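Step one of this worksheet: look at the structure below.
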Amino acid sequence: MDCREAEAALDAFLDEELPDDARYAVENHLEGCSRCRQEYAYRQTLQCTIQQSAADIEVPGRLWETIRTRIARVDRVQRRRQTHAPRWAMLAGSAGLLALLIGVSLWSWGPHFQTSPFMVESVNNYIRYLLPDAPYDLQTPDADQVRQWFRGRVDFMVEPPDLRAERYQLLGTRLGYFLDRMVAEIGYQGQQHRLSIFMTKGEGVSRLVGERVSRHGQEFFVTTTKGYTVVAWRDRPGNIVCSIVADLSRDRLLRLAFTVAGVPS
């Protein structure tokens with residue numbers, strides 16, 4: 001089993017829907033592949049997050065009826081299909097299609113925005129590094145050490161904001177890579193919540209989207225992805241795109257974003 005096959009089977013593996021031979025194949029692959037182990041750990045965390053968040057969501061009755069109708073339609077299509085694909089591949093495909101249908105149904109209820117790849121990847125990386133075995137490249141509460149560590153590693157200025165007045169302590173930093181670019185992440189710990197700030201060079205970053213909030217000439221964009229709030233903005237003088245992600249309310253995270261951006265709240 002290669003990485004492509006393993007990733008296609010991970011969701012069914014997580015849900016314990018694989019037959020024994022496919023389950024053993026995935027287990028053997030995970031033992032020898034650190035990349036797929038990281039992806040598996042990420043999906044475990046994401047699944048737990050979705051399950052915990054779903055308990056607090058009240059779904060309208062008409063939406064459940066829409067979902068049931070679409071599931072029945074998928075079931076009729078699946079029964080008409082004749083395929084020689086392995087059962088675990090069919091399960092993974094059906095699960096993915098079902099998730100897509102439910103997602104489309106949920107998306108059609110209530111307000112929504114186009115997605116910003118940078119904001120989505122900020123949340124994805126925030127979730128990945130909530131895992132206990134994902135340490136920072138530099139673990140320190142000293143902002144000067146963070147500044148010095150990034151010199152020569154990125155071609156933009158990394159300035160760790162002081163959030164002690166907001167009761168957030170600097171934990172450390174790491175250098176990430178997503179959307180084909182180097183991204184600096186700075187982590188903070190509050191009394192109950194962890195937050196991450198992401199910074200990257202502005203060239204080539206597609207436009208930010210979401211709820212637009214303007215404060216003293218600075219535009220911020222707010223959205224929620226996978227149960228986490230993310231606020232992003234462009235620091236035009238420094239030509240840097242920034243985002244801040246946490247399990248916080250919109251208003252609370254916006255106030256923190258104002259502080260990070262140096263905008264009076």
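The values are calculated or read from the model by the stated rules, or taken from the named source; none is laboratory data. Note that this is a predicted model, so its numbers are computed, not measured. Every residue, glycine among them, receives a Cβ derived from its backbone with ideal geometry; neighbour counts consider all protein chains shown.
List of remarks:
- Selection count where residues are over 15 Å from the mean Cα position of the chain (by Cα) and in a strand (DSSP E or B), scope region 208-241: 14
- None of LEU131, LEU175 is part of a loop (DSSP other than H, G, I, E, B) and farther than 14 Å from VAL260 by Cβ except LEU131.
- Complete set of residues in region 1-41 that are farther than 21 Å from TYR129 by Cα and in contact with a Leu (Cβ under 8 Å, 6 or more places away or on another chain): ALA6, ALA9, ALA12, GLU17, LEU18, VAL26
- ARG174 basic (Lys, Arg) and either touching a residue at least 12 places away in the same chain (Cβ under 8 Å) or not assigned by TED's automatic domain parsing to the domain that holds ALA246 (or both): yes
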